[in-house]
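Participant: This structure is in structure tokens; I'll ask about it shortly.
Computed from the coordinates by the stated procedures, all read-outs in this text should not be read as laboratory data. For clarity, every value in this text was computed on a predicted model and none was experimentally measured. Positions of Cβ are generated from backbone atoms using ideal geometry, with glycine treated the same way; all protein chains shown enter the neighbour counts.
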Amino acid sequence: MVKKEEENMAIIVEGRGMALVILLLSYILFYVFMYLGRKGREIPVRTLPPMAAIPEGIGRAAEMGRPVMFTPGIAGDLNDPTQGPQVLAAISILGYIARECAKTGVKLDVFMPIPTALPLTEETLRTAYMAEGKPEEFSPDMIHFIAGQSPYLTAVLGYFQRERPATNFLIGGFYYESVVMGEGGNTIGAFQIGGTANTHQMPFLVATCDYVLLAEELYAAGASISKDPDILGCLRGEDVMKLILIALMIIGFLLGFARSPALINVLRW
Amino acid sequence: MAEVLRREVVYLITAIITILMFIEFFFIGTWNVAEELRTWATIIANISIALGAVRLLSEHAKNIQRRRAGVWPFSIWLWIIFLVTLLSGLAGYVIKQDAMTNPLYNWLFTWPYTSLGQTLYAITGFYIFSAAYRAFRARNIDAALLLIAGCFVILTNAPIGGVIWSGIPVIGRWFLDYGQVPGMRCFLIVAAFGMLAYGFRALLGRERGFYGEVAGE
């Protein structure tokens, strides 16, 4: 009877209580560090080598007189809760790449296989070219919409052979196209920068690209470019959360020796 | 005003939808607003696919109109294939409520499309070989360790591994079941935090890339 009353009183879905606590704790930490960052507190962050290499890659294209290619992979439909954010983060990086291309006058070709991300891509490119004072250099023709994984792959491989881009950016949510495009880019001697949070594709990008943004680096790449206090604050918050999780793991490890399920029960709340 | 509409309204819609999804996931309730919104998201996404198709056709129509060198014959071919596939699929759907019942549509999908897709997928094997060769070159101590672990895993999956030495599959399975799992879980956890932080900034309207703006402005 008491249990039934407790069930009726419950407002949180069973098994999701601790996830809610961790989420709220993360949000509080992100907000506090964002606030401190805006107040001028210095939050040091190492320069991400892949982001530092972007101007190098675009400069290479300028010297060679060849285009630059960007694609976010086909895994990330924006409706997808795990893949969608990767595409959004990739489009953020695309904005920076487009600005660098506009500065140096390098031709940028974007292969976008995700229909839902097409308007955002177009808007990002238009804004980037406007920000550099060259709105006339933006054209929707820069974006190649290819639907379907196999046609997309074929189109990119064909583009590699015809246009021979000097630099390829393979950043976003990828499936098996990562290894095909990565190796395809290598056969034409392109300088390649990759990035994904999909663990199943990371090895392929590591093997085929010169620089790779791994996991959270994909989401934090903006901090490396702009030193934005909001992004830096979130990074610091993430670091604190990681320390908390490491502490939980050590406690769980020790409780495991004592055969105590206490921590497991709390996490399952 | 247009700028306000472009930015603030988008921030507001993002925040409201995020809060609704948040409430639905964590709290017990019978309301189905979040479910309705997801349905609408699917509908809007599908409409955007149609828009993409229209854009594709218009681009290829321009190619044909301008006789763009080396491209326009393929643009005609795309128009033909697009119309044949669309009309045959629609015919099947109208007659028997299933596009696959149309023999032409069924043939186009089963033989040319699926076969070509499978061929391309099979080619991945060769790309993985060359990527593995690139990764396994023992240029430094890290690559050498990767090479050793990779050899054990390859020989574990190949029947000859167990014939050479019975310990090879044991070591290979250890790499698969224990050696790589902590590393991959570590990436999963940090990627999840990265995604949380990205979502939080988007929720507050402070992730400029999310709204089509550009970092560094």
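Participant: What helices in chain A pass both tests, a Cα length along the helix axis of 27 Å or more and a mean Kyte hydropathy of 1.6 or higher, using whole DSSP H runs?
Facilitator: A:17-38
Participant: Still on this model: Please report the net charge: other residues with Cβ closer than 13 Å to the Cβ of A:T71, K and R +1, D and E -1.
Facilitator: So the surrounding residues net to -2.
Participant: Return, for the Cα atoms of the stretch A:158-245, the radius of gyration and Dmax in Å, separated by a comma.
Facilitator: Computed over the Cα atoms of the stretch A:158-245, radius of gyration and Dmax are 15.4, 51 Å.
Participant: Calculate how many DSSP beta bridges within the protein assembly as shown are antiparallel, expressed in % of all such bridges and rounded to the nearest 5.
Facilitator: That works out to approximately 5 percent antiparallel.
Participant: Same structure again: Which whole-Hz couplings ³J(HN,Hα) result when phi for each residue of the stretch A:208-214 is put into the Karplus expression 6.51 cos²θ - 1.76 cosθ + 1.60, θ = phi - 60°, listed in order with x for Gly and Pro?
Facilitator: Going residue by residue, I get 10, 9, 6, 9, 9, 8, 9 Hz, with x marking Gly and Pro.
Participant: Separate question: State whether the stretch A:16-105 is rounded, prolate or oblate according to the following rule on the C-alpha gyration tensor (a ≥ b ≥ c being the square roots of its eigenvalues): a/c under 1.5 gives rounded; otherwise a/b larger than b/c gives prolate, and the remaining case gives oblate.
Facilitator: oblate
Participant: Explain nothing, just compute: Karplus ³J(HN,Hα) = 6.51 cos²θ - 1.76 cosθ + 1.60, θ = phi - 60°, for every residue of the stretch B:139-149 in order, whole Hz, x for Gly and Pro.
Facilitator: 7, 8, 5, 4, 5, 5, 5, 4, 4, 5, 4
Participant: Related question: Multiply the residue gap between B:R66 and B:W40 by 0.36 nm, knock off their C-alpha separation, and tell me the result in nm, one decimal place.
Facilitator: In short, 5.5 nm is gained.
Participant: Just to confirm a number: summing +1 for Lys and Arg and -1 for Asp and Glu over residues other than A:A117 whose beta-carbon lies under 14 angstrom from that of A:A117, what do you get?
Facilitator: Taking every other residue near A:A117 into account, the sum is -3.
Participant: Give me the dipole magnitude in Debye, nearest 20, for the protein assembly as shown about the Cα centre, with unit charges on the beta carbon: positive for Lys and Arg, negative for Asp and Glu.
Facilitator: Around 620 debye, computed over the protein assembly as shown.
Participant: Apply 1/(1 + (r/R0)^6) to the Cβ-Cβ distance of A:K242 and B:V170, taking R0 = 35 Å, and write down the FRET efficiency to the nearest 0.05.
Facilitator: 0.55
Participant: Given DSSP loops and a limit of at most 16 other Cβ atoms within 10 Å, what is the longest stretch of chain B that contains no such trypsin sites (Lys or Arg not before Pro)?
Facilitator: Free of exposed loop sites, the longest segment is B:140-217.
Participant: Next question. Provide a whole-number value for the mean count of partner chain Cβ atoms within 10 Å of the Cβ atoms in peptide B:52-60.
Facilitator: 3
Participant: Count the DSSP beta bridges whose two residues both fall in the stretch A:49-226, then state the antiparallel fraction as a percent rounded to the nearest 5.
Facilitator: Roughly 0 percent of the beta bridges in the stretch A:49-226 run antiparallel, per DSSP.
Participant: If you take every residue apart from A:K242 with its C-beta less than 12 Å away from the C-beta of A:K242, what net charge results, scoring Lys and Arg +1 and Asp and Glu -1?
Facilitator: Around A:K242, the surrounding residues sum to -2.
Participant: Let me ask something else. Quick query: amide H of A:I12 versus all other amide H atoms, modeled in the peptide plane; which residues come in under 5 Å with a sequence gap of 5 or more or a different chain?
Facilitator: B:I28
Participant: Also: Let me see the P(r) profile for the stretch B:42-168: every Cα-Cα distance counted, bins of 5 Å, each bin given as a percent of all pairs.
Facilitator: With 5 Å bins starting at 0, P(r) equals 2, 8, 9, 10, 13, 11, 8, 6, 7, 11, 9, 5, 1, 0.
Participant: Report the FRET efficiency, 1/(1 + (r/R0)^6), for B:N157 and B:L51, where r is their Cβ-Cβ distance and R0 is 35 Å, rounded to 0.05.
Facilitator: 0.20
Participant: First check a/c for chain B, with a ≥ b ≥ c the square roots of the eigenvalues of its C-alpha gyration tensor; if it is under 1.5, answer rounded, and if not, answer prolate when a/b is larger than b/c or oblate otherwise.
Facilitator: It comes out oblate by the Cα gyration axes.
Participant: Considering amide H positions built from the backbone, and no H for Pro or chain starts, which residues 5 or more places from A:Y175, or on another chain, come under 5 Å of its amide H?
Facilitator: A:I74, A:A75
Participant: Can you flag which of A:K103/A:K227; A:K107/B:K62; A:K39/A:K227; A:K39/A:K103 are past 23 Å Cα-Cα?
Facilitator: A:K39/A:K103
Participant: Next question. I'd like the GluC sites (Glu not before Pro) in the stretch A:87-149 restricted to DSSP loop residues with at most 12 other Cβ atoms within 10 Å, sorted by number.
Facilitator: Answer by residue number: there is no such site.
Participant: Let me ask something else about it. Give the residue list of trypsin sites (Lys or Arg not before Pro) in the stretch A:25-91 that are DSSP loop and have at most 16 other beta-carbon atoms within 10 angstrom.
Facilitator: When the trypsin sites (Lys or Arg not before Pro) of the stretch A:25-91 are filtered for loop state and at most 16 Cβ neighbours within 10 Å, A:K39, A:R41, A:R46 remain.
Participant: Which one of A:I43, A:F70, A:I93 has its Cα pushed farthest toward the positive end of the charge dipole of the stretch A:32-93, where Lys and Arg give +1 and Asp and Glu give -1 at the Cβ?
Facilitator: A:I43
Participant: Further question: Label-point separation (nm) for B:V10 and A:N265, each offset 7 Å from Cα along Cα-to-Cβ?
Facilitator: Inter-label distance under the simple model: 4.9 nm.
Participant: A follow-up question, please. For the pair A:E63/A:L20, report the inter-label distance in nm, with labels modelled 7 Å from Cα in the Cβ direction.
Facilitator: Here the answer is 5.8 nm between the modelled labels.
Participant: Pull up all non-local amide H partners of B:N102: gap of 5 or more, or a different chain, and H-to-H distance under 5 Å with H placed in the peptide plane.
Facilitator: B:G92
Participant: Output wanted: per-residue J couplings in Hz (rounded whole) for the stretch B:98-114, from phi through Karplus 6.51 cos²θ - 1.76 cosθ + 1.60, θ = phi - 60°, x for Gly and Pro.
Facilitator: Values, residue by residue: 8, 4, 5, 6, 6, x, 5, 4, 4, 5, 4, 6, 6, 8, x, 5, 5 Hz.
Participant: Taking only C-alpha pairs under 8 Å that are 6+ residues apart, what is the relative contact order of chain A in percent?
Facilitator: 26
Participant: Indicate the gyration tensor shape class of the protein assembly as shown (rounded, prolate or oblate), computed on the Cα atoms with a ≥ b ≥ c the square roots of the eigenvalues: a/c under 1.5 is rounded; otherwise a/b larger than b/c is prolate and the rest oblate.
Facilitator: Rounded.
Participant: Hand me the GluC sites (Glu not before Pro) from the stretch B:29-105 located in a DSSP loop with no more than 11 other Cβ atoms within 10 Å, in residue order please.
Facilitator: Those that pass, being in a loop and sparsely packed, number zero.
Participant: Find the centroid of the Cα atoms in the stretch B:175-197 and in the stretch A:196-252, then give the distance between the two in whole Å.
Facilitator: Taking the Cα centre of each part, the stretch B:175-197 and the stretch A:196-252 sit 11 Å apart.
Participant: Still on this structure, I have one more. With label points built 7 Å along Cα→Cβ from the Cα atoms of A:E42 and B:Q180, find their separation and express it in nm.
Facilitator: That separation, rounded to one decimal, is 4.2 nm.
Participant: Okay, moving on. Identify, among B:A158, B:F82, A:A10, the residue whose Cα sits farthest towards the positive end of the charge dipole of the protein assembly as shown, taking +1 on the Cβ of Lys and Arg and -1 on the Cβ of Asp and Glu, with the dipole about the Cα centre.
Facilitator: Result: B:A158.
Participant: Compute, for chain A, the length of the dipole vector about the Cα centre, with Cβ point charges of +1 (Lys, Arg) and -1 (Asp, Glu) only. Units Debye, rounded to 20.
Facilitator: Value, rounded to 20: 600 debye.
Participant: Which is the longest part of chain B that has none of the chymotrypsin sites (Phe, Trp or Tyr not before Pro) sitting in a DSSP loop with at most 13 other Cβ atoms within 10 Å?
Facilitator: The longest uninterrupted stretch comes out as B:32-164.
Participant: Next question, about the same structure. Treating only the Cβ atoms of Lys and Arg (+1) and Asp and Glu (-1) as charged, compute the dipole magnitude of chain B about its Cα centre; round to the nearest 20 debye.
Facilitator: Dipole size: approximately 740 debye.
Participant: Using 17 Å as the cut-off for backbone N distance, which residues of the stretch B:187-203 belong to the label zone defined by a point 7 Å from the Cα of A:M249 along Cα→Cβ?
Facilitator: B:187-194
Participant: Among B:N140, A:L243, B:V181, pick out the residue whose Cα is farthest towards the positive end of the charge dipole of the protein assembly as shown, where Lys and Arg carry +1 and Asp and Glu carry -1 on C-beta, about the Cα centre.
Facilitator: B:N140
Participant: Tell me, what is a quarter of the convex hull surface for the C-alpha atoms of the stretch A:49-226, in nm² with one decimal?
Facilitator: So the mean shadow area of the Cα hull is 8.7 nm².
Participant: Here's something else I'd like to know. Shielding of A:126-138 by partners, i.e. mean partner chain Cβ atoms within 10 Å per residue?
Facilitator: 2
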